1. Apply the a/c threshold of 1.5 to the C-alpha gyration tensor of the range 281-426 and tell me whether it is rounded, prolate or oblate.
2. Within a Cβ distance under 10 Å of V282, other residues only, what is the Lys/Arg minus Asp/Glu net charge?
3. Figure the gain on full extension for T156 and S95 (residue separation times 0.36 nm, minus the Cα-Cα span) and round it to one decimal in nm.
4. Might you report the magnitude of the Cβ-based charge dipole of the range 169-231 about its Cα centre, with Lys and Arg at +1 and Asp and Glu at -1, to the nearest 20 debye?
5. Classify the range 170-213 as rounded, prolate or oblate, taking a ≥ b ≥ c as the square roots of the eigenvalues of its Cα gyration tensor: rounded when a/c is under 1.5, otherwise prolate if a/b is larger than b/c and oblate if not.
6. In the range 158-277, what is the count of Lys pairs whose alpha carbons are under 27 Å apart, counting only pairs at least 8 residues apart or on separate chains?
7. Can you tell which of Q310, C322, P350 lies farthest toward the positive end of the dipole of the range 265-354, using +1 and -1 charges on the Cβ of basic and acidic side chains (Lys, Arg; Asp, Glu)?
8. List, in order, the whole-Hz ³J(HN,Hα) value for each residue of the range 321-337 obtained from phi through the Karplus relation with A = 6.51, B = -1.76, C = 1.60 and θ = phi - 60°; use x for Gly and Pro.
Amino acid sequence: MTHRQRPHSGTVTLGDDDQSGGMKAASSDDQIIAIVNGQIITARDVDDRARLFVLSTGLPVTDQVFRRMRGQIVHQMIDERLKMQEMLQRQVLVSPREISDAIAGIEQRNGMSPNMLRNKLAEDGMSLTTLVDQLRVQIGWMQVLRMNLGPASRVTPQQIAQREKGLQKDAGKAQYFMSEVFIPVLDALHDQPERTFTETIIAELRKGAPFPLVAAQFSQDPSALEGGSLGWVEEDRLDPEVVDVIRQMPDQAISNPIRVPGGFVIATVHQRRTVGKQMATVLNLRQVFFPFTEPLNPQMPTAKQRDALQGAIHLMQTAHDCKTMETVNAQQGTVRPSNPGLQVESQLQPAIKAILGKLPLNRATRPMVSPSGIVVLMVCSREQRNLAQQSPGQVADQMMSERIEQAAQQLQRSLERRAVITVRKAGQRLASQGQAKTPNTSAHGRGASPRAHHRSHS
């Protein structure tokens, strides 16, 4: 098994206070915290990123927690600057559509309605630019890695067949569908600052901070773009320290800090199964959505909203096949797709699961009213499937994830070896406030063992 590598800086220069123009006010928005190959990171940049976490999670965060975040954010933003510079060097552009799709993915993984995250940030006076900049780096970095792979970015049928044989040999072994946040350690001999920061993040997760949002903002692993999701992984593809913990912890729990080569891991397990076998009930659904043109006031519904409810009731009484559901949804403008895709019954929200679990085939549900509209569902078919059987496409996705992870390790190590990074003493004080150490200058970098995950997305 290989391990994930924490990239290391090649040249780090500590500046003096007088080099930053005699700045003494640590709270100045324009204070330069770090310079990465000539590109600056200011106190405003760091504070905006910390505020993004606070506002997007909706949790009250104390000043002490806020200060701890800032130190880690400085080092995270240094890494992002290096990635962005490589993107510009290779002329990698990220389109507005890709950014929009990424934001929609974050909202979907966190159970938010469309545009809910955008609106929440706007209501709190937070510029969307901070989130967009972070997503642009994550998306563009993946494009850089695929360019770096060259011909290896294509998985051949022969390679897929070979992997499938290996999976057959693993039949019966434990598998975990899990997510993680990876916090890198800058100095392997002095990891208390990162441990403290990891404990801070765990405390917020246990208070209810959405795991995908936290992972997207703080995890230093390619899985951050997927909200920290590793998909299905076997024990022999995880660090032994992680395996020891997840074997004992209950599903949906948040682990304590797990020290692994290169840093700390925060893990959560969503599901467990044995390789080659995971029987589940799969539902083929159709839905009709009656949209509202304005938010519903339950005490004073508009005439159009009352008409929509009558239409939903009529549908419930008259629809007896899924084709009818598709036709009516088209008449309503297909605001939501008629076919939401196959749904695993055990993974549905409890309220929906209770409704659909006993619903006969080809019978519509009662109208379900929300502030944005009314939805009626119908189960077209219900069957038992072995979810652990991977398609060739899923095997190829797994193999590509492994190659991208390895490419990320190699390229970022190279970038940081060549980089000139200046951290101001004011920035050093900031890092000290956040309980994080400024990296030491060393001809060999900061020394951490590589660490890589091999994962399945079945």
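1. Note, shape of the range 281-426 comes out oblate.
2. Details: positive: R382, R385; negative: E345, E383.
Once positives and negatives cancel, what remains is 0.
3. Contour length minus the Cα-Cα distance gives 19.1 nm.
4. 280 debye
5. Values: a/c = 3.38, a/b = 1.42, b/c = 2.38.
Judged from the Cα gyration tensor, the range 170-213 comes out oblate (a/c at least 1.5, b/c at or above a/b).
6. Lysine pairs meeting both conditions in the range 158-277 amount to 4.
7. Result: P350, furthest along the dipole toward the positive end.
8. So the J values, rounded to whole Hz, are 7, 6, 4, 4, 4, 5, 5, 5, 5, 5, 5, 8, x, 6, 4, 10, x.
Computed from the coordinates by the stated procedures, all read-outs in this text should not be read as laboratory data. As the structure is a computational prediction, the values presented were derived from the model and not from experiment. Don't worry about glycine lacking a Cβ; one is built from the backbone with ideal geometry, like all the others, and counts go over all protein chains shown.
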